[in-house]
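Encoded as structure tokens, the structure appears first; notes follow it.
The values are calculated or read from the model by the stated rules, or taken from the named source; none is laboratory data. Source: prediction; values computed, not measured. Because the Cβ atoms are built from the backbone with ideal geometry, glycine has one as well, and the counts that use them run over all protein chains shown. Protein only, heavy atoms only, side chains kept; ligands, DNA and RNA dropped before computing areas. Shrake-Rupley method; radii C 1.70, N 1.55, O 1.52, S 1.80 Å.
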Amino acid sequence: MDFDGVTRPSDGPYDIGPYQYISTPTPIPLIGDSGFEQVVVGAGQFKYDPTGSPWAFSGSSGISGNNSGFTSGSPPAPQGSQVAFVQATGSFTRTVADWAAGSYVLTFDAAQRRNFHVSQENFKVLIDGKIVGTFTPSGTSYQSYSTAVFTVTTAGPLTITFQGLDSAGGDNTAFLDQVAVAPASTFSIGDPGFEQVVVGAGQFKYDPTGSPWAFSGSSGISGNNSGFTSGNPPAPQGSQVAFLQATGSFTQTVADWAAGSYVLTFDTAQRGNYGVSRQNFNVLIDGNIVGTFTPSGTSYQSYSTAVFTVTTAGPLTITFQGLDSAGGDNTAFIDGVSVS
């Protein structure tokens, strides 16, 4: 798993209170070429059914670089500089070895094609031929998606398939990137997309109440196309995002964490309609920093914290804390918070 943007040790484990950073992820199946970079098609180029990747492409599927005939209307690839595409009923598949018995989810980023009419591609994800999710990306900005939980009862290899459906008919294409597998969580984060307090399109609210998240200082919730978000793509999840302005923060205590190793993932972007925002922020678990982030642009991208290990089951508190290290009026948006 790629921990881009994370402040972490250069090597070896070290302890901070009840947590321990580790230099490698929790032992889970590793997906080779998860970002579709192994076959280099290059910026502005694409290739149908390429060979040389662990993924086997079939039909109207392949790999595209940024700013190609497929991707020229879309944000850059969330991971690296290339994405996979499924057009119409194309598909791609690969077999992953060394699955241990247990319960898992598959995660990935997906978006509709933007530069050729209104794409309505949908696709299904299969594990050894069994459907674990059917998806229709909601827009042309990349969003994070997860399959249903699936259980491996016998250790060994499994085959992952992304299969285009094209239920709407016509020339529809979806892009996919950053495929990963994670153990299924036994708990959930409340209001992960900041939709529970409805501020509405074009509106925002500082320090709202009524969400599992507690907002403090210059933080809050914004709808799409507000005084904060009018210069950004739509929210990756739902129609609202959280914002961290200057040193504002928001926090939530989540119950029922089991002992184990985890990462926190989320989508984030800089504010796009007020100068050049350079906001940075910390993510903390029970007051211990598990990552420091500076979103790289105004399009939403997925980020992950360092791996942290819970040694004693029970509740933990998640905090997003604005730092504003650059000084001035800087704001970052956050959405789609999840734990794996």
Quick count over the range 44-68, residues being open to solvent by 40 Å² or more (accessible area, probe 1.4 Å) and assigned to a loop (DSSP other than H, G, I, E, B), is 9
In the range 241-340, which strands (runs of 3 or more DSSP E) lie fully inside it and hold 1 or more residues that are closer than 23 Å to residue 141 by Cβ and open to solvent by less than 20 Å² (accessible area, probe 1.4 Å)? 249-257, 264-270, 281-285, 288-293, 301-304, 314-322, 331-339
Looking for something among the polar types (S, T, N, Q), under 30 Å from residue 67 (Cβ atoms), in a strand (DSSP E or B) and open to solvent by 40 Å² or more (accessible area, probe 1.4 Å) - is there at least one such residue anywhere in the range 97-113? no
Yes/no for residue 85 being aromatic (Phe, Trp, Tyr), within 30 Å of residue 184 (Cα to Cα), out of contact with any helix residue (DSSP H, G or I) (no Cβ under 9 Å at 6 or more places or on another chain) and in contact (Cβ under 8 Å) with a residue 24 or more places away in the chain: yes
From the list 182, 168, 148, which one is open to solvent by less than 20 Å² (accessible area, probe 1.4 Å) and either closer than 25 Å to residue 91 by Cβ or among the β-branched types (Val, Ile, Thr) (or both)? 182
Just one listed residue, out of 290, 310, 241, is under 28 Å from residue 29 (Cα atoms) and within 20 Å of the chain's Cα centre (by Cα), and it is 290
Test result for residue 89, assigned to a loop (DSSP other than H, G, I, E, B), out of contact with any strand residue (DSSP E or B) (no Cβ under 7 Å at 6 or more places or on another chain) and of a type in the set (Val, Ile, Thr): no
Here are 109, 171, 191: which of them is touching a Leu at 6+ places or on another chain (Cβ under 8 Å) and either under 24 Å from residue 76 (Cα atoms) or of a type in the set (D, E, K, R) (or both)? 109
Which one is modelled with the lowest pLDDT among residues in the range 158-185 that are among the polar types (S, T, N, Q) and closer than 23 Å to residue 30 by Cβ? 185
